[in-house]
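S.K.: Can you keep this structure in mind? I'll have questions shortly.
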Amino acid sequence: MKNKRARNIDAGGSAKAGVRLEFTHPTAATVFVAGTCNEWRPATTPMICLGNGRWMKELVLPPGRYEYCLVADGDWMADPLAQETVPNPFGGLNAVLRVHVPPEEDAAQATRAA
């Protein structure tokens, strides 16, 4: 997982951050992201094939803690690049993604709201 900082403000004025997930699987035909960010529905968040077994997905999320798995050809797995994992109720692991909005963006958002 790589973090990509991007400034985004939703319609309600809440700051969001851009996050880039990267994954390599030499034989996968499809890869999806499933987690608390999309109610564990993998079909809603497909990763983009970059060729040579490389996959990527950019997400824009509000600050918070998210658990997720990658689903490669139907096989659920924790992101091997995740810095943090937690056990899940199915005997496997979920990757943990913590999204932070930089303090200067929070301050800018608060100024716009005032």
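S.K.: How far apart, in nm, are two points set 7 Å out from the Cα along the Cα-to-Cβ line at residue 84 and at residue 41?
M.R.: Inter-label distance under the simple model: 2.7 nm.
S.K.: When the Karplus curve 6.51 cos²θ - 1.76 cosθ + 1.60 is applied with θ = phi - 60°, which whole-Hz ³J(HN,Hα) does each residue of region 46-62 get, with x for Gly and Pro?
M.R.: x, 8, 9, 6, 9, x, 6, x, 9, 10, 8, 8, 9, 10, 10, 10, x
S.K.: Work through the residues other than residue 85 whose Cβ is under 10 Å from its Cβ and net out their charges, Lys, Arg +1 and Asp, Glu -1.
M.R.: Around residue 85, the surrounding residues sum to -3.
S.K.: Around residue 45, what is the net charge, scoring Lys/Arg as +1 and Asp/Glu as -1 over all other residues with Cβ under 12 Å from its Cβ?
M.R.: Net charge in that neighbourhood comes out at 0.
S.K.: Apply the Karplus curve 6.51 cos²θ - 1.76 cosθ + 1.60, θ = phi - 60°, to the phi angles in region 82-99 and return the couplings in whole Hz, x for Gly and Pro.
M.R.: Result, rounded to whole Hz: 5, 7, 9, 9, 9, x, 10, x, 9, x, x, 10, 10, 6, 10, 10, 10, 9.
S.K.: Once phi is turned into θ = phi - 60°, what whole-Hz ³J(HN,Hα) does the Karplus curve with 6.51, -1.76 and 1.60 give for every residue of region 31-43, x standing for Gly and Pro?
M.R.: Per residue, the Karplus-derived 3J(HN,Hα) values read 9, 10, 10, 10, x, 5, 6, 9, 6, 6, 9, x, 4 Hz.
All of the numbers you see were taken from the coordinates with simple rules; none came from a lab. A quick note: this is a predicted structure, and the numbers were derived from the prediction, not measured. Glycine also receives a Cβ, built like all others from the backbone with ideal geometry; neighbour counts cover every protein chain displayed.
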